[in-house]
Structure formats: structure tokens, C-alpha cells
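Undergrad: Encoded as C-alpha cells, here's the structure I'll be asking about.
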Amino acid sequence: MLEITVNGKKKRVDVDPKMPLLWVLREEFQLTGTKFGCGTGVCGACTVHINGSPMRSCVMQVSAAANKEITTIEGMSGAVVE
């Protein structure tokens, strides 16, 4: 079980720690604003902010995001994660 903070809300998720953060955001939290593009971190479609810095979520393991502040495009627009 991992704990991450997404758009200001603490969330717990029970997934493989090596799962890309992109798929946790899209599949577990239904935050589909973060897109899959190239899958190699080059195109930027999967960019989220981690502790205020832009990061490519398709190449970042969800375990690397534990105990960090993640902001998705939904968080920048004021949407709330339920």
C-alpha cells in the first residue's frame, strides 16, 4: 500500500510499486487529463508536477512519488480528486 498526495488530497493505492505513475493516475484515480504519448518520457504528454517540478509520469514508478505532492492538469484547473 502506497500513500501519495494528488491535487492536494492524500490517497492510498494498492498497486505494484514499479507501476508507472501515469497508469495509477489514469486507471486508479480516473485522472485522464494526463495522457500517454510516447511511453519514453520524450513527448511530454504525461507531464505532472512533483513537488512543483515537471516530471514525466510514464517513466516514473509510483513508488518514487510516495510522500510527494503530485499535481495533475486537473489540479491546475481546480478539479478535486474524490
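The values are calculated or read from the model by the stated rules, or taken from the named source; none is laboratory data. Keep in mind that what you see is a predicted model, and the values were worked out from it rather than measured. Cβ coordinates were reconstructed from backbone atoms using ideal geometry, including for glycine residues, and neighbour counts include every protein chain displayed. Ligands, DNA and RNA are stripped out before the accessible areas are found, and what is left, the full protein with its side chains, is counted by its heavy atoms. Shrake-Rupley method; radii C 1.70, N 1.55, O 1.52, S 1.80 Å.
Undergrad: Taking amide H atoms as placed 1.01 Å from N in the peptide plane, list the residues 5 or more away in sequence, or in a different chain, whose amide H sits under 5 Å from that of F36.
TA: Under 5 Å from the amide H of F36 lies no amide H from a residue far enough along the sequence or on another chain.
Undergrad: Separate question: Run the paramagnetic zone check for M19: 7 angstrom along Cα to Cβ, then residues of segment 29-52 with backbone nitrogen under 15 Å.
TA: From segment 29-52, the list is 29-32.
Undergrad: Return the ratio Rg/(2.2 N^0.38 Å) for segment 6-82, where Rg is computed over Cα atoms only.
TA: Cα-based Rg divided by the globular estimate yields 0.97.
Undergrad: A further question on this structure: Take C46, C38 and sort them by solvent-accessible surface of the protein heavy atoms, 1.4 Å probe, largest at the top.
TA: Solvent-accessible surface, decreasing: C38, C46.
Undergrad: Pairs K10/K68; K9/K35; K11/K68: which exceed 18 Å Cα-Cα?
TA: K9/K35
Undergrad: Excluding ligands, DNA and RNA, what is the solvent-accessible area per residue of the chain at a probe of 1.4 Å, expressed in Å²?
TA: Using a 1.4 Å probe on heavy atoms only, each residue of the chain averages 56 Å².
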